[in-house]
Every structure is written in C-alpha cells, then in structure tokens.
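Accompanying notes for the structure given below.
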Amino acid sequence: MIVNDENKYSQRGINRAEIKGYGVCIFEHHVENGDYEGTCIFISHRSSDKKEASAVSHYIRNCGIDVYIDLDDNGLQLATVKNDAQGIVNHIQDGLKKSTHLLALLSEDTKESWWVPYEIGYAKKAGKSIASLMLKKCIDDFPDYLKIEKTIEYVDEFLKYVGEVKKKKEKYGCIFSEQLNIGLPDSVILEEYIRT
C-alpha cells in the first residue's frame, strides 16, 4: 500500500470521454485559450483488455489525473455499433486532442489490433508523450516503434510513471474534477494486471 501526503493529491481526475453537452463547449474554450494546466492520459487498449484498461484508468483518476478511456465515450461506442469508420476516427482524434499523454496497454491481443497502432501514430504526430504498459498477459516482444518510447514493465515502474505525470504541468486541466481528500490509492489491485 502506498501512503502519501493527502493534501498533495486532493482532486480526483475525470474521464474526459464523459464530458457532454454544454461541458464540451466550456472544456474546448479552456483548451483553446490554454487557461488550465494539468494532464490527461489517453488509455490505448485492445477491447479484449477492457478490464485491465478500466483498472488502470481508475487508479490514474484516483491519483488526480484526468484520463480519456473509450469505454465511456458514448459517441464512439455508437459509431462502433453502426460500423461508422469516420465516426470512430473522429472520436479517437477528439480524445487524443483532449489528452497530453498516451498510455498503450500491451498484451498478447494488442498485436491483432488495428486501432492501437493508429492511436499511437496519431499521438506521436501530435507530439504527445507516449508510454507502453506491459500487462501480465503480454508477450516480451513488441513493435520496434514502441521500443523508442517509455516502456513500463512492472507495477513499481507504473507507480513511478504516474508520479512523474502528476508532477508535470501541462496544458488542459482537471476543470471538472471532483474535490476529494484522498492520498494515492492502494496499488494492490494493479498487481492482478501488471507484472510485479
């Protein structure tokens, strides 16, 4: 269990995929004007790894960092059901525009994904910080283009990564964050999904 100064981590991050209606206008206005500082990690994953993606996302949010995870993007889910390729692309690009970082979750299934490499390439072109997280069910060999980016293999490396991201001041902030009085969450749940 990790215990830190509670005042240092007093906001819970949001899932920017859940920003809807008038909130989108407010958010986009602040993004365009650079009014806020903060971070947002785009969680790139294969749909078969959604349980792991959800756990990682939850942990990151509990550390006070915003995320974008497609599981809660209703527009993207609708575009997927309708087989609307342009809609899918638009929602992915929108999620990446709202983000400062991309965290690719790598498993045996990732190599069968068409979308994870697309998201990584788009994030790279946009100058986002990219890292890869090796899940427990990950093969040790992964694409060379990811080897030149940050690779996270174990829980302690992931915790260090989250701490580094938390310290950085980036454009876009936790503008809709819930005010909570929490310390860093217990990382034990992550050991189920990430190598120890």
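Derivation of every value follows stated rules applied to the coordinates shown; laboratory data play no part. Treat the numbers as computed from the prediction; the structure is a model and nothing was measured.
Figures for the structure shown
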{"read-out": "Cα-based Rg / Dmax (Å) for the range 42-81", "value": "10.5, 32"}
{"read-out": "Links that overshoot a 25 Å alpha carbon limit, given the list Lys82/Lys128; Lys98/Lys167; Lys125/Lys168; Lys124/Lys147; Lys50/Lys150; Lys50/Lys167", "value": "Lys82/Lys128; Lys50/Lys167"}
